[in-house]
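The values are calculated or read from the model by the stated rules, or taken from the named source; none is laboratory data. No experiment lies behind these values; they were computed from the predicted model shown. Every residue, glycine among them, receives a Cβ derived from its backbone with ideal geometry; neighbour counts consider all protein chains shown. With ligands, DNA and RNA removed, areas are computed over all heavy atoms of the protein, side chains included. Shrake-Rupley method; radii C 1.70, N 1.55, O 1.52, S 1.80 Å.
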Amino acid sequence: MNIRTQLTLSYIGIVLLVLFSMGLYLGSALKGVLDKRITSELEVQASLTREFLIEQLPDQFTYEEIDNLVDRLGEAGNVRLTFIGSDGRVWGDSERDGEALIEMDDHSSRREVQDAKDFGSGMIDRESTTTETEYRYFALPVERNQKLIGFCRVALPMEDINFALSRQQRMLLYASIVGSILAILFGIFSTGAIVKPIKKLTQITQSIAGGEISSRVEVKSNNELGQLLQNFNLMTDRVHEQIDKISIEKHRLETILNNMNEGVLLVNGASEITYANPAAVEMLNLPDMYVGRALIEINRIPELQALLLEAEQTDTVAYAEIRLGNLMESEAEVTIVPVAAESEYVIVIHDVSHVRKLERIRADFVANVSHELKTPLTTIHGYAETLLNDSSTKSKKRKEFIVKILKHSARLSRLVSDLLELARLESGDVELKRSQCHLNSLYEPIMDIFEPVFDESEVILKWEIPESLPQVNVDHQLFMQVFVNLIDNAVKYTPDGGEIEVSAELGGTNSEAVNEVIVHVKDTGIGIPLESQSRVFERFYRVDKGRARKMGGTGLGLAIAKHILLCHDGRIWLESELGQGTVFHFALPIIGQV
Ligand code: ADP
């Protein structure tokens, strides 16, 4: 049963109960009032009749005179009127005439007459022995000069009284029925008015529960229900605000998690993954449907499992450096934090492969620099000591030793200045003294440096740079260094009689626009093996250490060239075939012109 039916039924119940008890009370009260009124009317009529009779009655009277008078008065009053003599004889009756009147029996024993005689008035409801109908009688003594001359009696048929009474009760019943119908209609209407907002509220709460958070109830009244609806709307606004705040926070958190380099993973007590950010997905190589799957099932990293177990058992933060799988070969710092009360664990994976690689490179670099410095220093030290200790050494030998000392000290000096240059370029503090220049303007300075070398090794330089090429905006001195290092290498690693070709063209990083000048330095030398091609730009990397050192190289030339180009927003790469030759390409962006 819904609330409206319940309310309506109880309302109707109350109304009916009230109407029923009021009907009962009013019925009996009205009956009493009507009864009293009829009686008092009879009394008034009897009194008036008595006064009239006292005045009109002659001292000596006959049946006929009295009866005529009584008939007239009875007809006027619309009642049965009887005049009874003090001896009980009936002298006049509005219902009896003539013989019938005379034959009427002695009325002195009638109760109302007795009471009138004894108490001044008498009233009774009883059946008339004369007419055999029920009457209400009211009798008063009639006296003249303090002498009783008879009784005047007024009678009303009970039928009339009962009819008047039942008419009243019928009226009451009709009024009750009409009242009940009106009350029921009003009840239905007013319960409707109460239930309607509640229904609306129910609908709105349902739609809010279904996700329609912006739904609001329309408030029409200011009563308690209206206030309830208003408060509900207020509450919904607050909830909406809170949800907005939470979604902003969530979005913020998601953005952070999605864009951070650290992998973040959530696992539950059963080691099942409940969340993983993109970095974690990539680091652990998680499949598409990883949520709800056990971590060990997807990624068998024993160290990670052991760390998780440690966090579970100790219920504290566990930390370890772990190698993440054979495929990725990456080293990671893994921190596992238990989330209190949730029996969940946050796993944060910080990939430190790059840091470790840098650390290794740094360590290698220190070792390389020490080694590179130590070799010439030991040689210089050895020759200098021999010269000092052995004065008998022939002057030709001494000269040879001094030349070697000079050669090694020159190498040391070259090494140190290359290292300084590289450190300067790597620091990013280099202030480029840029100016526009055409590549062909470099030809003469290059020939000044290399002409004797070319002559000696019979290597030919072919300079094939078109005049139409636009100028480049570069730090002239540094840019010259790139050419010198590349041509120097080409000469060093090209057998006598070989050929070096320097050419250039326009190019672009995207197919539509021409936005860079690309230079090629090609030789017909020994070439670089495939496995070394990606490493020749590393510091101190040399394909053949012995040969390179003999050639006087420091192993820093290509690293310096690469950094000079990086400073100019350029890039460098190579193509090579063993025994056939090598081509170094480098590209420079054209700034402000084509
Ligand atoms: P280096 O001073 O030893 O020449 P670089 O950094 O200039 O040092 O070069 C690194 C290594 O790359 C060289 O040791 C050499 O093995 C290789 N290399 C560089 N240029 C060439 C080339 N044109 N042909 C063959 N090998 C080359």
Exercise. Top to bottom by accessible area (1.4 Å), largest first, where do ILE181, ILE298 land?
Worked result: ILE181, ILE298
For this session: Positive end of the charge dipole of the chain (Lys, Arg +1 and Asp, Glu -1 on Cβ, about the Cα centre): tell me which of VAL90, ILE322, ILE12 has its Cα farthest that way.
Result: ILE322
For this session: Using Cα centres only, tell me the gap between region 345-377 and region 520-594 in whole Å.
Result: 23 Å
For this session: Calculate, for region 137-183, the solvent-accessible area per residue in square angstrom, rolling a 1.4 angstrom probe over the heavy atoms of the protein chains.
Result: 56 Å²
Exercise. How large is the accessible surface per residue of region 261-351, computed with a 1.4 Å probe and reported in Å² as a whole number?
Worked result: 53 Å²
For this session: Mind listing the long-range amide H neighbours of GLY498? Cut-off is under 5 Å, sequence gap 5 or more, other chains count too, H placed in the peptide plane at 1.01 Å from N.
Result: ILE460
Problem set entry | Sequence-separation-based contact order of the chain, relative, with Cα cut under 8 Å and 6+ spacing, percent | 7 percent
Problem set entry | Accessible-area composition of the chain, carbon plus sulfur, in percent [1.4 Å probe] | 55 percent
Exercise. With charges set only on the Cβ (+1 for Lys and Arg, -1 for Asp and Glu), what does the dipole of region 3-164 come to about its Cα centre, in debye to the nearest 20?
Worked result: 1160 debye
For this session: Using the Cα centre as the reference, give the magnitude of the dipole from point charges on the C-beta atoms of region 269-365 (Lys, Arg: +1; Asp, Glu: -1; all else neutral), rounded to the nearest 20 debye.
Result: 320 debye
Exercise. Residues with beta-carbon under 14 Å from that of LEU30, excluding LEU30: net charge, scoring Lys, Arg +1 and Asp, Glu -1?
Worked result: +4
Problem set entry | Under-5 Å amide H pairs with PHE540, H placed in peptide plane, nonlocal only | LEU556
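For region 462-594, with every protein chain kept in place, what is the accessible area per residue (1.4 Å probe, Å²)?
Averaged over the residues of region 462-594, the accessible area is 46 Å².
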Exercise. Rounded to the nearest 20 Debye, what is the dipole magnitude of the chain about its Cα centre when Lys and Arg each give +1 and Asp and Glu each give -1 at the C-beta?
Worked result: 3000 debye
Exercise. Summing -39500 (n - 2.57) over the DSSP H runs of n ≥ 4 in the chain and dividing by its residue number, what mean residue ellipticity at 222 nm do you reach, to the nearest 500 deg cm²/dmol?
Worked result: -18500 deg cm²/dmol
Problem set entry | Net charge contributed by nearby residues that have their C-beta within less than 15 Å of ILE273 (K/R +1, D/E -1) | -4
Problem set entry | Zone of LEU253's modelled label, taken as backbone nitrogen in region 335-353 under 17 Å from a point 7 Å along Cα→Cβ | 337-348
Exercise. Between PHE454 and ARG549, what is the FRET efficiency for a Förster distance of 25 Å, r being their Cβ-Cβ separation, to the nearest 0.05?
Worked result: 0.65
For this session: Would you list, by chain and number, the aspartates and glutamates whose Cα falls below 17 Å from the Cα of LYS404, excluding same-chain residues fewer than 8 positions away?
Result: GLU372, GLU385, ASP390
Problem set entry | Given charges at Cβ of Lys, Arg, Asp, Glu: the chain dipole, positive-most of VAL239, TYR275, HIS107 | TYR275
Seminar exercise, completed: The answer for the net charge of residues other than ARG434 whose Cβ lies under 13 angstrom from its Cβ, with Lys and Arg +1 and Asp and Glu -1, is -2
Seminar exercise, completed: Taking r as the C-beta separation of THR509 and VAL430 and R0 as 22 Å, the FRET efficiency to the nearest 0.05 is 0.40
Exercise. Within region 302-323, whose backbone N sits under 17 Å from a point 7 Å along Cα→Cβ of ALA340?
Worked result: 312, 314-318
Exercise. Relative contact order for region 504-563 using alpha-carbon pairs under 8 Å, separation at least 6, rounded to a whole percent?
Worked result: 22 percent
